[in-house]
1. Residue 32 is checked against (1) within 20 Å of the chain's Cα centre (by Cα); (2) touching a residue at least 60 places away in the same chain (Cβ under 8 Å); (3) within 16 Å of ligand 2 (Cβ to nearest atom); (4) in a helix (DSSP H, G or I) and fails just one. What number does that condition carry?
2. List the strands (runs of 3 or more DSSP E) inside segment 38-140, counting only whole elements, that have at least 1 residues being in contact (Cβ under 8 Å) with a residue 12 or more places away in the chain and either more than 24 Å from the chain's Cα centre (by Cα) or surrounded by fewer than 16 Cβ atoms within 10 Å (Cβ to Cβ) (or both).
3. Among 131, 95, which is within 16 Å of ligand 1 (Cβ to nearest atom), in contact with a His (Cβ under 9 Å, 6 or more places away or on another chain) and of a type in the set (S, T, N, Q)?
4. Quick one: would you say residue 61 is within 14 Å of ligand 2 (Cβ to nearest atom) and assigned by TED's automatic domain parsing to the domain that holds residue 142?
5. Return the total of residues in segment 11-29 being open to solvent by 50 Å² or more (accessible area, probe 1.4 Å), without any contact (Cβ under 8 Å) to a residue 24 or more places away in the chain and outside any loop (DSSP other than H, G, I, E, B).
6. Kindly provide the set of residues from segment 312-345 that are open to solvent by less than 10 Å² (accessible area, probe 1.4 Å) and under 17 Å from residue 253 (Cβ atoms), ordered by number.
7. Looking only at residues in segment 174-186 that are surrounded by 18 or more Cβ atoms within 10 Å (Cβ to Cβ) and of a type in the set (A, V, I, L, M, F, W, C), which one is farthest from residue 143 (Cα to Cα)?
8. Considering only segment 6-27, how many residues are within 16 Å of ligand 2 (Cβ to nearest atom) and modelled with pLDDT of 95 or more?
Amino acid sequence: MTFKELNISRSVMKALEEKKYALVTPIQQQAIPVGLTGRDILGIAQTGTGKTAAFAIPIIEQLAAVSIKGGSCPIRALILTPTRELAIQIDEAFTDYGKYTRLRHTVIYGGVPQNSQVRMLKSGVDILIATPGRLLDLIKQGFVHLQSVTHLVLDEADRMLDMGFIHDVRTLVPMLPKERQTMLFSATMPAGVEKISKTLLRNPKKVEVTPEASVVDTIEQNLFMVEKMNKIGLLLNVLDSQYGKSVLIFSRTKHGADKIAKTLNQHKIRCEAIHGNKSQNARQTALKDMKTGRIHIIVATDIAARGIDIANLGVVINYDIPEVAETYVHRIGRTGRAGNTGIAFSFCSKEEYGLLNDIQHLTGRKIPTLAVPA
Ligand code: ADP
Ligand code: MG
């Protein structure tokens, strides 16, 4: 998905283009449309998934849409973050994304003299990025007023709690208007974060991206919509088209893996099945045979495949759609490694539509469908 599809204003679009942001990350894809409506958000995603833009863009868009008349410029958005480094990074992100708006922002954090921070505050800012301690300090001294805040962000909430900022947050929140949008972002969701989210957020939309949700671009994904009974015929076809490459076929059950292997062998296609019922020895042999090129195809269950490493695996076939969406990402992630390209084929029957939807929701993309060969 591109930012254009999210109906971002022209000024922010221009800034993103300059940043060369071609695609929207999964957390952004989920959070930005919700954030733009002003609804509260509970966002869970690992570091490096683009959370800053996920809250910064909705804030910039909403604030830029309302122009404040007159000279005074009250703080309308407050971003709380645990460390000075994070605060500075977020401030830079607002500089970048809000480059072509008239919004003003500044950052305050402890451990440095407060003079220049106070000067910035006095000149008026729309958006304030702050670590909790310094913010409370400056509030006490009367340099910061929060009664006009309409947007609050708690960034890295789990770290904030780990670092003992919970008390500061509890002190700060009653100073804010009750009518506001609150967005809480965290990499993990321990009980403490769950608890604070309940007191801070009103009817939040939960948006979540597990680390496994990112599929690398070096893997070409393909989907076949196929009747269950036609899967074996399709498999023979796909194997034929991928002849000579190393292939890993996933089956949900041990029984299924054995059955596939047996059928392939009947068709004079050499392969071996590995699953929990096989001895460690048999599994090692299968892997060795793959390495030496005696076989090119292994049929495996998810558990058996865990931890095994097949160098130069070219093709992953999901004979069954996995029950848990993350498993899909694990499975296809076995190919396309170390700069090599990989290709994945998923066989989806009517009964598996729901599981397929979960996967596409998790990865944030639709898997392109191929026509089943006649
Ligand atoms: P997080 O807060 O989840 O750790 P950041 O918001 O700091 O992640 O973003 C991590 C990096 O990814 C930053 O360098 C940022 O500029 C970049 N980034 C964010 N969104 C995108 C995007 N849509 N396309 C390309 N790069 C992006
Ligand atoms: Mg961050």
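The values are calculated or read from the model by the stated rules, or taken from the named source; none is laboratory data. Note that the structure is predicted; figures quoted are calculated from it, not measured. Don't worry about glycine lacking a Cβ; one is built from the backbone with ideal geometry, like all the others, and counts go over all protein chains shown. Protein only, heavy atoms only, side chains kept; ligands, DNA and RNA dropped before computing areas. Shrake-Rupley method; radii C 1.70, N 1.55, O 1.52, S 1.80 Å.
1. Of (1) within 20 Å of the chain's Cα centre (by Cα); (2) touching a residue at least 60 places away in the same chain (Cβ under 8 Å); (3) within 16 Å of ligand 2 (Cβ to nearest atom); (4) in a helix (DSSP H, G or I), only one is false for residue 32: (2).
2. Working: elements: 41-45, 77-80, 105-108, 127-130.
Because the criterion is at least 1 residues that are in contact (Cβ under 8 Å) with a residue 12 or more places away in the chain and either more than 24 Å from the chain's Cα centre (by Cα) or surrounded by fewer than 16 Cβ atoms within 10 Å (Cβ to Cβ) (or both), the strands (runs of 3 or more DSSP E) in segment 38-140 that meet it are 77-80, 105-108, 127-130.
3. Numbers: 131 fails: in contact with a His (Cβ under 9 Å, 6 or more places away or on another chain).
After applying the criteria, what remains is 95.
4. Numbers: within 14 Å of ligand 2 (Cβ to nearest atom): no; assigned by TED's automatic domain parsing to the domain that holds residue 142: yes.
Answer is no for this residue.
5. Selection size over segment 11-29: 1.
6. Result: 317, 318, 321, 322, 328, 331.
7. 185
8. Summing the residues that are within 16 Å of ligand 2 (Cβ to nearest atom) and modelled with pLDDT of 95 or more in segment 6-27 gives 0.
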